[in-house]
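A.B. asks: Please see the structure below; I have some questions.
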Amino acid sequence: MGTRLCAAAIAGAAVLFLATGGADMKAEAAGPSRISYADIEGWGTDDQSAALDAFRRSCARILKLSPSAALDTKGGDPLYGRARDWQPACEAAAHVAPGAGNARGYFQHWFVPVRYPATQGLFTGYYEPEMKGSLTRGGPYQTPVLAPPAGFRMVDGGGSFPARAEIEDGALDSDELALLWLESPIDAFFLHVQGSGRVKLETGEIVRLSFAAKTGHPYTSIGKLLVERGEMKLEDVSMQTIRAWLSAHPAEGRALMRENESYIFFRILRDIDPELGPPGAEGTNLTPGRSLAVDRSHHPLGTLLWLTTEHPTVDGQSLVPVARLMVAQDTGSAIKGLQRGDIFFGSGAEAGEIAGRMKAEGELIALVPKDIAP
C-alpha cells in the first residue's frame, strides 16, 4: 500500500461521518503503564499463532532497518523505541515451534502489555472487494481502472492535475492507461475507497489490484455528504446503505461520487498468496482478522496491539466479541488518534458485509519489548 492517502486501503471508515471523541485526547495527555497479561481479558484463549505469522512478515522489514532507526518514518510514540529494541524478538520469532501455546509463550517472554488509562476509541473495518471486469473495453465493461500516467508525481492538494470529474470526462487517456474495465462505476468508486480489489474476468481468471498512487486532491466522504443533505441518518451510514442509495439514484449518485475529487491509480499484483490480503502501508501482505490500520503518528507499523471490541455478523443481526492480538500493518486517511483502528477482514462478499457495518467502540493495549516498557 505504500505512501499515499491510505495504505493498501483507504479505510472503509473513510466513508463514515464519525469522530473519535474526547477520551482519546485525555489518554494522550496521561501516560502509559505496564499491566499483567492476567489483566488482559481473553489473552489465554486467543490463538496468537495467527498473530505470530503476521508479525513475522513485519519482522522481515524490521530486521533490515538500521538498529538506531525508528520503526516507522512517521515516528510514533517514543514508547515503542527503535529498531534495535525489536530486532532480537524478531530474530527469535523465526524459531518458534507451531502451536498456539508456543506463540503465546513467545509473546509473553519478549513483550510486556502497556495500557493507556481510561480510553476508548472507534474501530471500523475494511476489506478487499471482488467485482466483475474485462481486460478490454466493451459491452457492460465501460469503467476503467487506471495506472498512473508516466512520470506522475503527487502534489498535495492536487496542484494543476485533473480531479476525479475531469479524469472521468477524459482528461487522461483511458485507452492507454487502463489496466482493465469494470462492469459498475459504483464498484470502481468503492475500489478507490478500499484501495485494493479482486476482479473476476469472464474467463474466470482473478486479477488482483493494489494502490499505486493518488492525485493529491482532498478526499471527501460521500457518507458525510449524504448525512448533511438529509438523505440518511448518521447512525444508518454504512457501506451497504451508501451503495444502495447510489444504485437507487444513478444520476444523483454519479454526481455525488464526483464530489470526492481524490482519484486513485492502481497496479496489478502478481504471485500473491490467495489466502493473504494485498500489501499494506508496511509493504507486507495483510492477514485477515490480524492486520490493523492505525494512526502512524501514534503506533509505528510493525508493532503489536491487543484489540478489544466487537464486530457485526455477516447478516448484521448480532455482534461478535473481539479480543485478539493484532499487528499494525496499514494506515488510512480516516484513522486518526491513539485509540483508533481499522480491521482488515479479508476478501469477498462476506468480508465486505462485516467490514461495511463495522463501527464499534474498543480499546488498544500495546505490547512493547520488555527492556523498554515503562
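The values are calculated or read from the model by the stated rules, or taken from the named source; none is laboratory data. Because the structure is predicted, anything quoted here is derived from the model rather than measured. Please note: Cβ atoms are built from the backbone with ideal geometry, for glycine as well, and neighbour counts cover all protein chains shown. With ligands, DNA and RNA removed, areas are computed over all heavy atoms of the protein, side chains included. Shrake-Rupley method; radii C 1.70, N 1.55, O 1.52, S 1.80 Å.
A.B. asks: When you go through (1) open to solvent by 70 Å² or more (accessible area, probe 1.4 Å); (2) outside any loop (DSSP other than H, G, I, E, B); (3) touching a residue at least 24 places away in the same chain (Cβ under 8 Å) one by one for residue 38, which number turns out not to apply?
C.D. replies: (3)
Condition check ((1) touching a residue at least 40 places away in the same chain (Cβ under 8 Å); (2) closer than 17 Å to residue 280 by Cα) across all residues:
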position: 312; (1), (2): yes, no
position: 315; (1), (2): no, no
position: 335; (1), (2): yes, yes
position: 341; (1), (2): yes, yes
position: 346; (1), (2): yes, yes
position: 349; (1), (2): yes, no
position: 355; (1), (2): yes, yes
position: 372; (1), (2): yes, no
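A.B. asks: Given (1) under 23 Å from residue 106 (Cα atoms); (2) touching a Lys or Arg at 6+ places or on another chain (Cβ under 6 Å); (3) charged (D, E, K, R); (4) modelled with pLDDT under 95, identify the lone condition not met by residue 74.
C.D. replies: (1) is the only condition that residue 74 fails.
A.B. asks: Continuing with this model, one more query. Considering segment 54-72 alone, what residues qualify as being without any contact (Cβ under 8 Å) to a residue 60 or more places away in the chain and open to solvent by 50 Å² or more (accessible area, probe 1.4 Å)?
C.D. replies: The answer is 56, 63, 64, 66, 67, 68.
A.B. asks: Can you run down the residue pairs with Cβ atoms below 6 Å, 6 or more apart or on separate chains, where the first is in segment 270-294 and in contact (Cβ under 8 Å) with a residue 12 or more places away in the chain and the partner is open to solvent by 10 Å² or more (accessible area, probe 1.4 Å) and among the basic types (Lys, Arg)?
C.D. replies: Pairs found: 272/208; 284/57.
A.B. asks: Still on this structure, please answer the following. List the strands (runs of 3 or more DSSP E) inside segment 248-326, counting only whole elements, that have at least 2 residues being more than 14 Å from the chain's Cα centre (by Cα).
C.D. replies: 264-269, 304-312
A.B. asks: Kindly provide the set of residues from segment 230-255 that are of a type in the set (Ser, Thr, Tyr) and open to solvent by 60 Å² or more (accessible area, probe 1.4 Å), ordered by number.
C.D. replies: 247
A.B. asks: Determine, yes or no, whether residue 220 is assigned to a loop (DSSP other than H, G, I, E, B) and either modelled with pLDDT of 95 or more or over 30 Å from residue 52 (Cα atoms) (or both).
C.D. replies: Against the criterion (assigned to a loop (DSSP other than H, G, I, E, B) and either modelled with pLDDT of 95 or more or over 30 Å from residue 52 (Cα atoms) (or both)), residue 220 qualifies.
A.B. asks: Hey, another quick one. Which members of segment 342-357 meet the condition of being in a helix (DSSP H, G or I) and surrounded by fewer than 24 Cβ atoms within 10 Å (Cβ to Cβ)?
C.D. replies: Hits for segment 342-357 are 349, 350, 351, 353, 354, 357.
A.B. asks: Working carefully through the options 216, 204, 223, find the one that is at positive phi and surrounded by 17 or more Cβ atoms within 10 Å (Cβ to Cβ).
C.D. replies: Result of the check over 216, 204, 223: 216.
A.B. asks: Something else: Inspect segment 328-348 for any residue being in contact with a Leu (Cβ under 6 Å, 6 or more places away or on another chain) and farther than 23 Å from residue 195 by Cα and give the result as yes or no.
C.D. replies: no
A.B. asks: Are any of the residues in segment 293-301 closer than 28 Å to residue 142 by Cβ and β-branched (Val, Ile, Thr)?
C.D. replies: No: segment 293-301 contains no residue that is closer than 28 Å to residue 142 by Cβ and β-branched (Val, Ile, Thr).
A.B. asks: Quick one: count up the residues across segment 58-93 that are within 26 Å of residue 116 (Cβ to Cβ) and not in a loop (DSSP other than H, G, I, E, B).
C.D. replies: 18
A.B. asks: Might you let me know whether segment 91-112 holds any residue that is of a type in the set (Lys, Arg), modelled with pLDDT of 95 or more and touching a Ser or Thr at 6+ places or on another chain (Cβ under 8 Å)?
C.D. replies: Within segment 91-112 (the criterion being of a type in the set (Lys, Arg), modelled with pLDDT of 95 or more and touching a Ser or Thr at 6+ places or on another chain (Cβ under 8 Å)), the answer is no, since none of the residues qualifies.
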